[in-house]
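Please read the structure below before turning to the comments.
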Amino acid sequence: MSQIALGRPARRPYIAINPWTALALAAAALALLPIATIALTAFADTGALWGHVLVHVLPQSAWNTAVLLVGTGIIATCVGTGAAWIVSAYDFKGRGVIEWALLLPLAVPTYIMAYAYLDILSPLGPVQGAIRYILGYSSPREFRLPDIRSMWGAILVFGFVLYPYVYLTARAMFLTQAANLVEVSRTLGVSRNAVFWRVALPLARPAIAVGVSLVLMEVLNDVGAAQFLGIRTMTASVYTTWIVRTDLAGAAQIALAMLVIVIALLVMERWARRNQRFASNAQRARAMTPEKLTGLKALIALGLGLTPILIGFAGPALYLIVAAVRRLEFAGLSAPLVRAAINTVSVSAIAMLVVLVLGFATAYAGRLRPGRLSAALARIATLGYAVPGTVLAIGILVPVAAFDRTLDGFLRSNFGWSTGLLLLGSGVALVYAYTARFLAISTGGIEAGLSRIPPSFDHASRTLGQSATGTMLHIHLPLSRTAIVAAGLLVFVDCMKELPATLLLRPLNFETLATLLYGEAARGTYEDAALAALILVLIGILPVILLARTGRAAGVARPTHAAGDHSHPTTLSTDQA
């Protein structure tokens, strides 16, 4: 007998939320909370402080940031696109080594690059000393190069360390552009160089736009290199407004302005990819065959390929090795360095585990129940990667500090216990920052791994009586193990290298390798920081090796992302990090 016949009201339909969706909701909330906090804090009443920030801080820092973004974007675009075309369109001796070695600057954080070149190009450094020796001068008073602590120095440092983002995306598109388009152009009498400008470059424009947007976001995230080089950017202004002037609301207001810039960059990147299908149709055709070069042309191509490698990696790496050896011979391994290394590995490992769990939950929720909700949760969870670390740190500090105060007050008034700064003092806030910042890496990487598993495997497993969790344990987890390990490696390395969020959220007397290097460089004791910098660079090479091992086959797969199958650039950075 029906419920209506019995006079009982029918039950309202409801949407059941499985544990995976619940974890995905938690991940999205954790990523969204800092951004919402920034907006609320920025509109707080600061009295005359906002007027001071608006008149004396924001104009200069905004102008410096804009110039730095434009200059770095131009350098990274020219170097990255040019290098990608050379190794894709031409075949010459040494091309195979150049092809993967062009990725090596990814292993060098921007603040380490600035730290190294400050000493290399100083008036008493090896470069200027060699030039004076050749020219017959004996003192820096007689001859010295312009100071690298300038805007042009910052642009060159950022450009030559961040160009691999553009190189990766552009090379991926060049490798898959249709050979028939190039051959038809050559048949019509168009030279190889003209093919680049008229055919290859327009086709690769969407991918280049993605790479440039990643470069500009990395510039916005930096705080160490800008301060080393004497450039007061908006990120540096957030740091000084908060730490030096203890003006959290003013720092939040500058951070909100930076969020506007980030949104503008994302909109510009989407606009540049509006013709994405035009760029991606070429993937189905035969790839173009590189032209064989010999003699002088081969030497020129080799020199052009080696130049960014020497500037962006070999020079700083050689300096760090020499300085580290001198430091070891003089004083050996110091206790602060050992403690910083242990702290770095510990907090990075904990953050990696948290990020992998939440990233897997977000990706798996989308596989179990694909739809608007799961897609929206995945998109929100990856927002943190686009937010500069300094901005994210402010957004995390306010709610975490409020929780610490509330908990301490409640326990003190009711039980006489004092917890103090429980989350801030224990490093939980720092792990939270790493999680929100790098959740996009694990989510995108694991999504890519799960997408390679046919849905028929899921159907067969469920038919045999396995639950969703059982299917995950017996099917998805083993088959996506490689993607999970790769995502974990990328997250671990990025956590170790993260400087802005670590500077602002670390507990008292807690040093990581990045903050130890920052402190020593700020004091001018460059050799003391060389070991920490060298360790970070060596660890940073691990993702580069991972990318190099994928070879040309992985490069063929990436243009799909670059051409716009995903609307957020962090998906691409997941594959490239």
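The values are calculated or read from the model by the stated rules, or taken from the named source; none is laboratory data. Everything numeric in this text was worked out from a predicted model, so none of it was measured. Cβ placement follows ideal geometry from the backbone for every residue including glycine, while neighbour counts extend to all protein chains displayed. For the accessible areas, the whole protein counts, side chains as well, though only heavy atoms, and no ligand, DNA or RNA atoms are used. Shrake-Rupley method; radii C 1.70, N 1.55, O 1.52, S 1.80 Å.
On the given criteria, is M268 under 20 Å from the mean Cα position of the chain (by Cα), modelled with pLDDT of 80 or more and not basic (K, R)? No; evaluated as a whole, the condition is false for this residue.
Looking only at the stretch 118-144, filter to residues that are hydrophobic (A, V, I, L, M, F, W, C) and farther than 21 Å from A314 by Cα; which one of those is modelled with the lowest pLDDT? Checked the stretch 118-144; the qualifying residue modelled with the lowest pLDDT is F143.
In this structure, is L542 in a helix (DSSP H, G or I) and open to solvent by 10 Å² or more (accessible area, probe 1.4 Å)? Judged against the criteria, L542 is a match. Among the residues of the stretch 138-147, are any in contact (Cβ under 8 Å) with a residue 24 or more places away in the chain and either open to solvent by less than 70 Å² (accessible area, probe 1.4 Å) or farther than 15 Å from L229 by Cα (or both)? Yes. In the stretch 466-495, the residues that are without any contact (Cβ under 8 Å) to a residue 12 or more places away in the chain and over 20 Å from T382 (Cα atoms) reach residues that are of a type outside the set (S, T, N, Q) and part of a helix (DSSP H, G or I) with C-beta atoms within less than 7 angstrom, at least six apart or across chains, in these pairs: Q466/H474.
When the criteria are applied in full, G409 meets the requirement of being open to solvent by 30 Å² or more (accessible area, probe 1.4 Å), small (G, A, S) and closer than 30 Å to Y239 by Cβ. Scanning the stretch 284-333 for residues that are open to solvent by less than 70 Å² (accessible area, probe 1.4 Å), in a helix (DSSP H, G or I) and of a type outside the set (A, V, I, L, M, F, W, C) returns G295, G303, G305, T307, P308, G312, G315, P316, Y319, R327. Inside the stretch 364-388, residues that are under 27 Å from T502 (Cβ atoms) and open to solvent by 40 Å² or more (accessible area, probe 1.4 Å) make up a count of 3. Restricting attention to the stretch 230-248 and to residues that are of a type in the set (A, V, I, L, M) and more than 13 Å from V57 (Cβ to Cβ), the residue that is most open to solvent (accessible area, probe 1.4 Å) turns out to be I243.
State yes or no: is L508 modelled with pLDDT of 85 or more and either in contact with a strand residue (DSSP E or B) (Cβ under 9 Å, 6 or more places away or on another chain) or exposed (fewer than 14 other Cβ atoms within 10 Å of the Cβ) (or both)?
Working: modelled with pLDDT of 85 or more: yes; either in contact with a strand residue (DSSP E or B) (Cβ under 9 Å, 6 or more places away or on another chain) or exposed (fewer than 14 other Cβ atoms within 10 Å of the Cβ) (or both): yes.
Yes, satisfied.
Once the stretch 189-244 is narrowed to residues that are without any contact (Cβ under 8 Å) to a residue 24 or more places away in the chain and not in a helix (DSSP H, G or I), the residue that is nearest to V55 (Cα to Cα) is V244. Only helices (runs of 4 or more DSSP H) whose full extent lies in the stretch 1-117 are considered here, and the ones with at least 1 residues that are at pLDDT 90 or above, more than 30 Å from L302 (Cα to Cα) and more than 19 Å from the chain's Cα centre (by Cα) are 19-42, 58-89.
When the stretch 285-340 is filtered for residues that are among the β-branched types (V, I, T) and over 19 Å from V87 (Cβ atoms), the ones remaining, listed by number, are I321, V322, V325, V338.
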